[in-house]
Structures are given as structure tokens and as C-alpha cells.
Amino acid sequence: MSVILIIGGLLMIFKTSVFWKITERWTSKDGTEPSDLYIWNTRFGGIMCTLVGCANLFIYFIL
């Protein structure tokens, strides 16, 4: 589970447009590109997912 969170988080941080095409393109009226707010929110969520995944790995291996 931790690895999935880390991979998903990194995808959300570095490949925001790919993540948008997979999840939200169909909801856009013109379907050309994500908004600035969507990019910011997705990157923030990616950082949170990556941090939680790393914390889970740390807890699993250390404790």
C-alpha cells in the first residue's frame, strides 16, 4: 500500500497533466488543459500522498 501511495503521489507531483487526462479530462467542457487551481491542488495532494507513503514505510521497517 505504501508503494502505491508513493508512486501515485509522484505521478501527481511530476506528471500532473497525465493525471488530469486519466481522471478529469472528461469533465472539462473543452478538454484542452487543466486549470491552475487543479494543478496546484493535485501537486499538494501528491505531496501529501508521498509523505504518507514514506511515513508508512518508515513505521513498517523501523517500528
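Read the figures in this text as sums done on the coordinates, not as results from a lab. Computed from a predicted model, the values in this text were never measured in an experiment. Cβ placement follows ideal geometry from the backbone for every residue including glycine, while neighbour counts extend to all protein chains displayed.
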Under the Karplus curve 6.51 cos²θ - 1.76 cosθ + 1.60, θ = phi - 60°, whole-Hz ³J(HN,Hα) for region 34-41, x wherever Gly or Pro sits: x, 6, 5, 5, 4, 4, 5, 5
Estimated FRET transfer efficiency when R0 is 22 angstrom, pair I59-L10 (beta carbons, to 0.05): 0.65
Simple label model, 7 Å out from Cα along Cβ direction - K21 to S2, nm: 3.2
Ratio of the Cα radius of gyration of the chain to 2.2 N^0.38 Å, where N counts its residues: 1.30
